[in-house]
Structures are given as C-alpha cells and as structure tokens.
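The values are calculated or read from the model by the stated rules, or taken from the named source; none is laboratory data. Only a predicted model underlies this, so the values are computations on that prediction, with no experimental measurement involved. Note: ideal-geometry Cβ built from the backbone for every residue, glycine included; neighbour counts use all protein chains shown. Remember, those area values only see protein heavy atoms, side chains included, never the ligands or the DNA or RNA. Shrake-Rupley method; radii C 1.70, N 1.55, O 1.52, S 1.80 Å.
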Amino acid sequence: MAANGYDVIVVGARCAGSPTAMLLARKGYRVLVVDRATFPSDTISTHLVHPPGVAALARWGLLDRLIATGCPQIDTYLFDFGPIVISGAPGTADTPVAYAPRRTILDKLLVDAAAEAGAEVREGFTVDEVVVEDGRVTGIRGRGHGGAAVTEHARVVVGADGLHSLVAEAVRPQRYHEKPKLLAAYYSYWSGLPTKGTFETYIRPGRGMAAIPTHDDLTLVIAGWPYAEFETNRTDIEGNYLKALSLAPPFADRVDAATREERFVGMAVPNTFHKPYGPGWALVGDAGYIRDFITAQGISDAFRSAELCTTALDESMSGMRPHDEAMSAYQATRDADALPMYEFTCELATLEPPPPDLVQLLSGIQGKQPAMDEFVRLNAGVVSPADFFAPANVARLVGAP
Ligand SMILES: Cc1cc2nc3c(=O)[nH]c(=O)nc-3n(C[C@H](O)[C@H](O)[C@H](O)COP(=O)(O)OP(=O)(O)OC[C@H]3O[C@@H](n4cnc5c(N)ncnc54)[C@H](O)[C@@H]3O)c2cc1C
C-alpha cells in the first residue's frame, strides 16, 4: 500500500474506470476513483453489451444485479442487407445472450460495485490537471462542485476518462493505427416498438440503422450516415433519420406506429490506439483505444482493458513482475485481441456496400443456421474476424449443407 496517498487514482468512473477501481480494490489496493459526473447519469452512447461483456459482468458477480433491474435479454441478432437477411444467436453455451442496459443503470451499478469493493468514490469531482514530477505522473489536481482545488497523490494514475481524456492529453501517448472519423449517427428511444429479444440491423447504401430493446419496454433506434455528410445532415437530424429508416420500409412502418420518448442524440468518434502506459500512468477504455461504435464493442472492450490493466498493475505493484514487462504485456494482449475487430469495424463504418466476396459469403450462408450463428457471433465479438474470414473457414461455412 502507498505510504502517502493512494496506490491508484482512477479518473473516470463509467465502463472502464469503475471496474478498474473495483478489481484493484478487491485485490487490496488503496484506490480513489473520481468522476466529474454524478450517478446515475446518462452519456452519449448506445449500450448493446455483447456476450463477452456480459461474461465479464458474470465473472465479477454483477450479472444477477443487472438482470434484477429488469433489463430484457437479447437472444437473436438480425442483419438485414436488403436482398439477404442473416439472423442467429450471438452467444456461447456459457453466455448465450446480450443485454442493452441504459447507461444510467449500468454505470451506477458499476460505481456502486467499486465502492462496495472498498474504493473511495468521489462523484462530481473534476480533474483539472495531472501532476507530473521529474517526468513521472504522481497524482491529480481537481475540485468538487464549487470546492477548492485539491491535490491527491498515487503510485499510478489511470485515465479512464474517455474520448477526450485529460490524462491522455497530459501524457501524450504514442498513437497508432489511426483512422479518421467514418460515421455519424443519432439515436432516440421509442415505446410501442417491440423487437422480441432481437437486435435488428438494417444495412442500406450509405446508411445503417439498428433497433435495440432496453429497460422500461423501450427500444433504442439509431440511424447513421457517412461522416462526410455530418455537417449537411445535422441541420435536420430527425428528417435525415426518418429518411434513412424509410430505406427499410417494414421497419420504418413499425417505427411510424411507435412513439418517440426522448430527444435525438448522437455524434461521431475517431479511431485510434494509444500506448496505454508510461511512468506513473496507464490508460483503459476509450482513453486507451477508441473505435467506431458500429459494431458496439466499446463497453466490452472497456471491461476487457480494465481486467488486463488491473492484472498488469497488480503484477507490477506487488513486485511479481517488472513494471514495463507487465504493462507491455497488457498493451500487446489488448492490441492482439482488438486489432482484427478494429479493422472489421472501420470497414463497416464506411457504410460502403459489402464487397462482392462478402456478398457471396452471405448468400452462401443465408438460411444455414449454424453458419448464420457464426456470422452473428463474429459481430458480437465472440468469433474473431481473423478466424471467421480465414479461407478454410469461409469454404467450410459456404460448403455446409
Ligand atoms: C453514439 C455511440 C454509440 C455507442 N454504442 C455502443 C454500444 O452499443 N455498445 C458498446 O459497447 N459501446 C458503444 N459505444 C462506445 C461506448 O460508449 C464507449 O466505448 C464506453 O463508454 C467507454 O467507456 P469509458 O469508461 O472508457 O469512457 P466513458 O464512458 O466516456 O466515461 C468516461 C468518464 O470520464 C469522466 N471524465 C472525463 N474527463 C474527466 C475529468 N477531467 N475529470 C473527472 N472525470 C472525467 C466522464 O465524466 C465520464 O463519466 C458507443 C459510443 C457512442 C459515441
């Protein structure tokens, strides 16, 4: 334990930060986690949690709590390309379903779990500055609502502070595999739009739409277009959203008969990896690796990075392994896990028509349930794109009866 201050300060308390704080506190470390938000609160993000993310919640003993909130389970994913429709089961025998909990509920559950594990949680606390001494991060300076500035010290400061990470801005990590913003999308919540436990996706030229069942019998509907249209389309978000839906008429008719319950929100995100560690600091979640949301991997990735990073920090702080060796293993594992899905995600986010070989593959598997399940599990992050698109696997899928 740190003689003075904390072992670890985590900046940001949502999908990456609270699990990081929770896992370290469970190992006995003295942890402070701060967020300028208070909880429960929403954030701009749809919230499909694929089976690998659900499995993380189960490992942490939190899945039953999520289920107890009345979050509907999602046992089917449907991909409607127009002429081709693929639908199947996203999970595995151990974790067969996905969930799409409202962030108000999921993030609060995670913050509470961090506090229960023994982490000190400061909500409504904004970090203004990362403290650096002799080239090493040693703490944070920030303040609570209307309060005076305070400084806190730790052996390691973890940036779990998302897309516009102040920690990453301060430590200027190496960036790699960078790609520009590719997609802009907007969503809202609708009542009277049942999806019967199905995550529905509609892919049309230059447009992508999806419907996701969530708490309170609401269905989230998102519609997106290429980032090149971001500026022109933002002058009439509702009109462009409805125009996109009209490309899938039966779906548009269902939405037309439903009631919109909330305002439209949306955005675009860049695509990049950050080196996730350096002297006295580490990055988890979007602060360390961000990718377009079209494949809905961010929450599951945030959970995964929290587990990998806390394992590495524990190895380092307990003296089990040299710091750089442990943290470079975190980076290598994160990147190897994420890279094939990152490339697949960025390709999909262009909203360009599927290339001919993919069309051929999709036509070849349409109607064959085991092969369709495998395509669905690819999109759920259960099957790696590298394995799915391996020529021998494609031949096996298409050739199957
Ligand atoms: C439109 C959209 C749709 C998405 N849909 C999905 C989806 O369906 N499924 C999925 O898995 N992922 C989705 N994502 C991605 C997902 O939202 C993110 O990957 C995930 O939220 C990352 O979690 P995080 O904890 O790293 O960051 P965040 O959730 O962004 O949390 C960062 C926290 O840090 C706090 N913070 C920031 N700066 C400071 C500061 N200086 N001081 C104190 N606190 C600070 C913020 O208040 C915030 O609470 C979507 C994203 C977008 C934009």
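Net charge around Gly197, counting only other residues with Cβ within less than 14 Å of its Cβ (Lys, Arg = +1; Asp, Glu = -1)?
That works out to -2.
Helix-only estimate, please: 222 nm mean residue ellipticity of the chain, summing -39500 (n - 2.57) across DSSP H runs of length 4 or more and dividing by its residues, to the nearest 500.
Values: 14 runs with 147 residues, N = 401.
Helix-only estimate at 222 nm: -11000 deg cm²/dmol.
May I ask for log10 I(q)/I(0) of the stretch 144-201 at q = 0.12, 0.15, 0.23 Å⁻¹, from a Debye sum over the Cα atoms as equal point scatterers with solvent left out?
For the stretch 144-201 at q = 0.12, 0.15, 0.23 Å⁻¹, log10 I(q)/I(0) is -0.69, -0.84, -1.14.
Counting Lys and Arg as +1 and Asp and Glu as -1, what is the net charge of the other residues whose Cβ lies under 12 Å from the Cβ of Tyr6?
Taking every Cβ under 12 Å from that of Tyr6, the sum is 0.
Taking a 1.4 Å probe, which of His164, His47, His177, His323 shows the most accessible area, and what order do the others take after it?
From most exposed to least exposed: His164, His177, His323, His47.
At 7 Å along Cα-to-Cβ for each site, give me the label-to-label distance between Val359 and Ala148 in nm.
That separation, rounded to one decimal, is 6.9 nm.
How much accessible surface area, in Å² rounded to 10, belongs to the heavy atoms of Lys181 with a 1.4 Å probe?
80
Mind pulling up the Rg/Rh value for the chain? Radius of gyration and Kirkwood radius, both on Cα.
When Rh is taken as the Kirkwood radius, the ratio is 0.98.
At what distance in nm do the modelled label points of Leu163 and Ser246 sit from each other, each positioned 7 Å from its Cα along Cα→Cβ?
Using points 7 Å along Cα→Cβ, the separation is 2.8 nm.
Under 18 Å Cα-Cα from Lys27, which aspartates and glutamates qualify once same-chain neighbours fewer than 8 residues away are excluded?
Lys27 reaches Asp7, Asp112, Glu116, Glu120, Glu307, Asp314, Glu315.
Taking every pair of alpha-carbon atoms in the stretch 310-396, what share in percent sits in each 10 Å bin, from 0 to the bin with the longest distance?
15, 36, 22, 16, 11, 1
Label Ala68 and Gln366 with points 7 Å out from Cα along Cα→Cβ: what is the distance between them in nm?
Taking the simple label geometry, Ala68 and Gln366 are separated by 4.6 nm.
Please work out how much accessible surface Asp128 shows to a 1.4 Å probe, ignoring ligands, DNA and RNA, in Å² rounded to 10.
70
For the stretch 23-150, just run the numbers: alpha carbon Rg, then divide by 2.2 N^0.38 Å, N being how many residues it has.
Values: Rg = 19.1 Å, N = 128, 2.2 N^0.38 = 13.9 Å.
My calculation over the Cα atoms of the stretch 23-150 gives 1.38.
Just to confirm my numbers, what's the Cα centroid distance between the stretch 381-401 and the stretch 136-212 in Å?
Each part's Cα centre sits 31 Å from the other's.
Could you give the distance between the Cα centres of the stretch 225-267 and the stretch 279-346, to the whole Å?
Spelled out, the Cα-based centre of one part sits 34 Å from the other.
Under a Cβ-Cβ cut-off of 9 Å, what is the net charge of the residues other than Ala326 that fall near it, where Lys and Arg count +1 and Asp and Glu count -1?
Local charge sum for Ala326: -3.
Mind checking which lysines have their C-alpha under 30 Å from Lys368, skipping anything on the same chain fewer than 8 residues away?
Partners found: Lys196.
Per residue, how much accessible area does the chain have with a 1.4 Å probe, in Å²? Intermediate values should be presented prior to the final figure.
Values: 16570 Å² over 401 residues.
For the chain, the per-residue accessible area is 41 Å².
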